[in-house]
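Below is one structure, written out as structure tokens, with a few remarks after it.
The values are calculated or read from the model by the stated rules, or taken from the named source; none is laboratory data. None of these values were measured; they are calculated from a predicted model. All Cβ positions, even for glycine, are placed from backbone atoms using ideal geometry, and neighbour counts span all protein chains on display. Keep in mind that these areas ignore ligands, DNA and RNA; they rest on the heavy atoms of the full protein, side chains included. Shrake-Rupley method; radii C 1.70, N 1.55, O 1.52, S 1.80 Å.
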Amino acid sequence: MATQNELVFEPETHTYRVNGVVVPSVTQVLRSAGLAIEPYSPNGDQAMVRGARVHLACHYDDDGDILESEFAEEELGYLAGWRKFKEETNWQSAIREKPFYSERGYCGTPDAIGSFPNQGVAVLDIKTGAFSRWHPLQRAAYSDFWPFCFLRFGVYLLPEGNYTIREDEIHKRRGDLDIFLAALAIHNWKESSQ
């Protein structure tokens, strides 16, 4: 794993650089292979902007320094869902929104790494939209940053202050990573063929 000094993330363009070299993100890899259909765009549609704002609100809330007046009413509804999730499950975030680099040649920023009581380390991905088949592949790539991380969850926040939670199926976890690594190979092949 690269040190923090070697890894630079540029949020405006969603660009990761390791030692000055651009490295693809998890979602860029999945999109390049045709597995994730929602493209990333900092000026994109309202759903993506909403998702980014809700992530920010959840992060600030976890840090205890949120100013609710800076967020729209709908965004606060999703935040209420996040708070309800944490209260009902006793989720404890240890790492939030930190960029990481894999020696396999990709980068990513998991929403949260943490744990539930009496369970191991887990990758938690916060979503404000519906489940998509590629979400477990994204979480598999994130969990590969930590060899001791076996649990993967998606928390789907709802605007009315509720949530649903989806644990990635145990029997598919290794296969999910294999599919992601195949997508990475396709992405790298496409990039080298240009």
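Brief remarks on what is shown
- Of the residues examined, I165 is not one that is at pLDDT 95 or above, under 13 Å from the mean Cα position of the chain (by Cα) and on the phi < 0 side of the Ramachandran plot.
- Some residue of segment 87-95 being within 22 Å of R17 (Cβ to Cβ), surrounded by fewer than 20 Cβ atoms within 10 Å (Cβ to Cβ) and modelled with pLDDT under 95: yes
- Every residue from segment 156-178 that is open to solvent by 80 Å² or more (accessible area, probe 1.4 Å), assigned to a helix (DSSP H, G or I) and touching a residue at least 24 places away in the same chain (Cβ under 8 Å): K172
- Checked against the criterion of being modelled with pLDDT of 95 or more and of a type in the set (F, W, Y), segment 112-129 contains not a single residue that satisfies it.
- Whichever residue in segment 115-134 is over 13 Å from the mean Cα position of the chain (by Cα) and outside any loop (DSSP other than H, G, I, E, B) and, among such residues, is surrounded by the fewest Cβ atoms within 10 Å (Cβ to Cβ): V121
- Evaluation of F145 against (1) over 29 Å from G77 (Cβ atoms); (2) touching a helix residue (DSSP H, G or I) at 6+ places or on another chain (Cβ under 6 Å); (3) open to solvent by less than 20 Å² (accessible area, probe 1.4 Å) (one fails), failing number: (2)
- Flag if G77 is part of a helix (DSSP H, G or I), of a type outside the set (F, W, Y) and either open to solvent by less than 30 Å² (accessible area, probe 1.4 Å) or closer than 27 Å to R173 by Cα (or both): yes
- For segment 26-38, a residue qualifies if it is crowded, with 20+ Cβ neighbours inside 10 Å and either of a type in the set (A, V, I, L, M) or touching a strand residue (DSSP E or B) at 6+ places or on another chain (Cβ under 6 Å) (or both), and the qualifying residues are V26, V29, L30, A33, A36.
- Residue-level check: of (1) open to solvent by less than 30 Å² (accessible area, probe 1.4 Å); (2) within 26 Å of E73 (Cβ to Cβ); (3) of a type outside the set (K, R), A183 misses just (2).
- Considered as a group, the residues in segment 41-61 that are polar (S, T, N, Q) and either assigned to a helix (DSSP H, G or I) or open to solvent by less than 60 Å² (accessible area, probe 1.4 Å) (or both) include one that is modelled with the lowest pLDDT, and that residue is S41.
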